[in-house]
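Only one structure is covered here, and it is reproduced in the block below.
Every read-out reported here was derived from the displayed coordinates using simple, explicitly stated rules and does not represent laboratory data. Only a predicted model underlies this, so the values are computations on that prediction, with no experimental measurement involved. Cβ sites come from the backbone with ideal geometry, for glycine too, and all protein chains shown count toward neighbours.
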């Protein structure tokens with residue numbers, strides 16, 4: 001007990017010093033953490049040896065919540081390789097969301113201590129969230145439970161790496177229960193063997209699947225359980241059940257609101273194809289050019305036919321997206337036939353620029369009324385920025401005398417501009433409610449960018465440059481949009497990077513199609529739940545419903561690439577459905593007194609129940625291969641192109 005008090009006193013002294021330091025940088029002083037509640041948790045992490053191998057390391061988290069003004073203070077000792085500040089901020093937000101607490105009335109102090117430098121990053125997000133919730137509620141936490149897993153904005157526990165190493169760390173400090181993200185029970189390890197054959201060193205690498213649950217039980221007597229969300233995690237740590245958001249028994253996922261648009265768009269695309277086909281036949285291009293352009297139009301016709309089948313199946317967003325893809329090809333052919341001089345190409349690019357300027361002015365001039373309209377306008381703003389990027393590429397190709405690619409980028413830019421106007425006008429149809437200032441999205445955009453950057457850095461630190469600069473470049477685009485005040489575009493661009501990173505981690509080294517399909521179904525159900533929760537809040541999640549349907553269209557395929565694409569869009573649907581719910585919750589919440597007992601009803605496990613919380617252990621409280629193998633890494637590098645196919 002004396003050693004614990006000494007530790008707590010040193011922690012409090014550290015936070016008092018930190019508070020005085022932060023006072024210099026902030027006009028609002030943090031209140032003394034000794035006025036709040038403190039919990040101490042153990043969490044596993046990984047460190048890299050000088051040889052580059054990963055090893056498990058046990059860390060200590062000391063988390064204090066005190067009356068304050070919404071600040072989150074983080075100290076790590078030693079410094080982590082990947083910053084954890086964004087993860088700590090998100091943990092505080094989620095803790096407030098699930099407990100109904102107004103976190104602007106609290107300050108959160110997090111101290112992370114380890115015996116060796118750790119990688120850090122988002123993998124302790126779930127642990128931090130549990131600790132903040134326990135400190136807010138004044139609950140005891142068990143000292144023989146440890147967990148690894150990211151915290152997602154919707155409260156689900158996200159995938160991480162180094163599961164086996166972290167299980168070893170948990171066992172080394174006497175933990176009895178180790179919680180891991182749902183779907184990560186099976187891990188794949190790479191085993192390298194060296195042997196000398198006639199003086200030549202032969203190195204062979206093989207993959208072996210490991211069931212973490214069985215392995216940990218047999219080797220250390222450690223129980224491993226998968227958890228889906230923060231609600232499950234809190235229960236295992238504290239024995240208290242936080243009420244989960246109720247989802248309607250029937251979730252309406254129906255894109256019939258796009259039916260008339262899809263039918264009209266398909267007819268226009270079909271007419272456009274026939275028109276350009278006749279123009280090509282009547283043109284004076286030579287045989288080789290005619291043959292190449294005719295093949296391109298044949299490809300467009302195949303896509304148009306696919307769109308017709310989607311319409312007949314009631315998949316209207318998928319049809320719109322496929323007709324969009326077809327029109328890019330058709331326009332590329334038409335414009336290439338029309339131009340005969342470099343000056344004609346320049347004139348064409350200037351025409352696209354005028355169209356872009358007009359559409360951007362229209363979108364930015366809209367008054368946003370309600371969160372349903374906000375989603376559509378956000379989609380429009382993101383597409384405007386995509387059109388800008390393509391038009392810039394078109395000019396770059398032009399100045400390099402590459403007129404074919406210049407026209408191709410211009411065609412994409414023009415069609416992307418039309419989809420931006422489409423989403424903006426769709427938003428006007430669903431306008432209703434209070435006026436929303438675009439500036440109010442600034443903090444949400446900042447959080448998404450920071451969290452996405454955290455995941456990208458974490459992947460690079462754990463696995464090297466497996467995804468190239470793909471995620472980094474996407475995040476840099478989001479940063480550029482943020483700097484320009486285009487917060488909606490920043491949110492959805494950063495979301496794209498975040499989702500791709502999460503799917504990479506969740507499918508790492510998974511080569512079993514059955515396992516992949518199980519993961520896919522979990523993502524599908526999570527997306528469906530998120531859509532249902534949004535609908536309960538009175539929001540019609542247009543984008544989420546559209547992406548959910550688009551994912552279903554990929555799910556019908558039977559290749560690894562199809563499954564990957566379906567996962568991406570289901571995750572995109574889940575994130576899109578919940579992205580603005582945090583703003584809505586903060587706006588409508590009932591203020592509570594800091595550190596008073598929560599008005600949220602909770603259930604404590606009784607001794608008569610078959611509780612998953614072990615009864616041993618004291619409580620502490622103070623007031624690959626396959627989808628991610630070489631082929632799949634290429635697939636992930638092509639995902640931006642898949643994203644560009646959506647309308």
Highest mean packing first, using Cβ neighbours within 10 angstrom, the peptides 490-499, 429-438 sort as 490-499, 429-438
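Which peptide among 365-376, 238-249 comes first, and what is the full order, when sorted by highest mean count of other Cβ atoms within 10 Å?
365-376, 238-249
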From the Cα centre of the stretch 368-415 to that of the stretch 513-575, the distance in Å is 26 Å
Reduced to Cα centres, the span from the stretch 247-300 to the stretch 100-123 in Å works out to 51 Å
Assertion target for 165, 415, ordered by fewest C-beta neighbours within 10 angstrom first, is 165, 415
Most packed first (mean Cβ within 10 Å per residue), the peptides 346-352, 315-321 order as 315-321, 346-352
Per the C-alpha gyration tensor (a ≥ b ≥ c, the square roots of its eigenvalues), the stretch 456-517 is rounded if a/c is under 1.5, else prolate if a/b beats b/c, else oblate; here it's oblate
re the stretch 119-193: pairs of Cα atoms spaced beyond 19 Å account for a percent value of 41 percent
Where a ≥ b ≥ c are root eigenvalues of the Cα gyration tensor, a/c under 1.5 meaning rounded, otherwise prolate if a/b exceeds b/c and oblate otherwise, the stretch 171-302 counts as oblate
P(r) of the stretch 342-463 over all Cα-Cα pairs, 5 Å bins starting at 0, rounded to whole percent, reads 2, 11, 17, 14, 14, 13, 13, 10, 5, 1, 0
Sorted largest first, the C-alpha extents of the stretch 216-264 along its principal axes in whole angstrom are 64, 27, 14
Rounded to 0.05, the calculated FRET efficiency for the beta carbons of residue 295 and residue 483 at R₀ = 45 Å is 0.60
D (µm²/s, integer) via Stokes-Einstein for the stretch 67-152, Kirkwood Rh across alpha-carbon pairs, 25 °C, 0.890 mPa s: value 186 µm²/s
Rounded to the nearest 5, the percent of DSSP beta bridges in the stretch 52-123 running antiparallel is 55 percent
